[in-house]
Each structure stands twice: as C-alpha cells, then as structure tokens.
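Worksheet: one structure, shown below.
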Amino acid sequence: MADVVLRLRIEGKSFHTDRDTLPVLGPIELTLAAREIVAIVGPSGCGKTTLLRIVAGLDTDFVGELQWFGNLLPRIGQVFQEPRLLPWRTVRQNILLAQHYAKPDVADHLLEALDLTAFRDSYPGKLSLGMARRVSIARAFAIEPELVLLDEPFVSLDAAMAERSREVLLKAWHARPTAGLLVTHDHDEAAALADRILVLGCRPARIKEERVVRQPQGTPRSAIIRR
C-alpha cells in the first residue's frame, strides 16, 4: 500500500478489574494509507471505540505495536459523538483551540467551505446541533492533521441531518485531504464515506470481514469482499 500513514498490530487487549479480566480485542491488523478513509463497524460494545483510543495514543495498555510513518508525533484531529464546543468561545475561537497547530487562514477557509462564515462570531448556544457538528468537523481539520478519528459523529441526528452532515464531512475532507478512521453502527454511512469497511465481530473482537467500497483513483464503488 503506497503512502502508508500507520500500521497497527494488536495481539490482544483486555480490561482488568479487581475480580476479573475482560478480553476486548483479539488479534487485529490494520494498515491505513494517506487520504484513505476506513470505517470500522460492529456490534455495540465490541471494542470499536477502544480501537480508536489505541490509534489516538490514549490507550497504550495492549499487546502489540502501533507504528507511524512520517512524523514521530503525528497531528490527529478528532470528531466525537458530541460536538464538545466550549460555550464561552465563539465558533472561530473553538476552531482555533489548538493554537500551536491551527492556522487562522486554514480556519477561515474551512469556515467558508462548511458554510459557517456568517456564524464565525456566534457562540455554541446559538447553534443548532447540525451546525455545532460542522464546527467540530472544522476544528478537527483546522490543524491540518495526518489522521482524523471519528467516533460515531452523527449518531444522534435524524436521517436528513445525518445525510447533510456526511456531505459536510466529505466537503471538509476534500478541502483538506487526510487519512480517516471512522467508527459507526450504520453500514450505509460507512459505504457512503469510506474506501474500506472493516467489520468486527463480538468480543474479543477480530476483523471478520473487509469490504473494499471504493477503489483508488476514484473508480466506482464495488462489492469486493475479503473474508
């Protein structure tokens, strides 16, 4: 795979309590290329968010290896299930929270690309949920990340708003292309956004199915399935 961003090999991941050990992830191997979006789907509680946390470097208690290609400290943008905007900061100020990385000209470009320019000086309390989602997407892309992690970012939206938000996400991605790792329960959403879909089984989760949705160079979606 050309232009590999990361390679993750997990032999096992468990949660430990005083009484028991709960295996969460079984053997998993994941490679992600630059400008590739990979969706992870699977049943609730199978470890999808745990997998994202490992990739983000927030959980290092696993058996295996996470290898980055390029910067030793890669820039990672994150879009959560909730927008998580600071209510005392304006839209533009929220986008520029990562001051060390976020550039004002990039932020302004994203504001324009995501139809948020008219709301740049508004506070989150004045925004609809859909608009707040757009701000959180802009914030993730404003740092010009090497990887964007999305943890069910549209889970609480109705069908129409979720569809609009997916369009906004792709618009942001086209404005600032990067690798993406998306966790979702929605197979249609995964097919609409991703180049590949990894289907996890029940705990301890493994990749039980890989679907290539979109071939490189923008060739039409296909139903190639590797088991």
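Summary table
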quantity: Per-region count, segment 59-80, residues surrounded by 15 or more Cβ atoms within 10 Å (Cβ to Cβ) and in a strand (DSSP E or B); calculated: 7
quantity: Close pairs (6 angstrom Cβ cut-off, 6 or more residues apart or separate chains): touching a residue at least 60 places away in the same chain (Cβ under 8 Å) in segment 123-147, surrounded by fewer than 19 Cβ atoms within 10 Å (Cβ to Cβ) and of a type in the set (Ser, Thr, Tyr) anywhere; calculated: Ile143/Tyr101
quantity: Segment 103-145 - residue that is surrounded by 20 or more Cβ atoms within 10 Å (Cβ to Cβ) and part of a loop (DSSP other than H, G, I, E, B) and, of those, modelled with the lowest pLDDT; calculated: Leu114
quantity: Residue list for segment 15-67, restricted to those being among the basic types (Lys, Arg) and either more than 20 Å from Gln78 (Cβ to Cβ) or in contact with a helix residue (DSSP H, G or I) (Cβ under 7 Å, 6 or more places away or on another chain) (or both); calculated: Arg19
quantity: Single condition Cys202 does not satisfy, out of (1) surrounded by fewer than 19 Cβ atoms within 10 Å (Cβ to Cβ); (2) in a helix (DSSP H, G or I); calculated: (2)
quantity: Selected residue (only one of Arg92, Arg53 is basic (Lys, Arg) and over 30 Å from His16 (Cβ atoms)); calculated: Arg92
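Residues checked against (1) free of Cβ contacts under 8 Å to residues at least 24 places away in the same chain; (2) crowded, with 23+ Cβ neighbours inside 10 Å; (3) of a type outside the set (S, T, N, Q); (4) farther than 17 Å from Ile76 by Cα:
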residue	(1), (2), (3), (4)
Asp158	yes, no, yes, yes
Met161	no, no, yes, yes
Arg164	no, no, yes, yes
Glu167	yes, no, yes, yes
Lys171	no, no, yes, yes
Pro177	no, no, yes, no
Leu181	no, yes, yes, no
His187	no, no, yes, yes
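The values are calculated or read from the model by the stated rules, or taken from the named source; none is laboratory data. This is a predicted model, so every value here is computed, not measured. Virtual Cβ from ideal backbone geometry, glycine too; neighbours counted across all protein chains shown.
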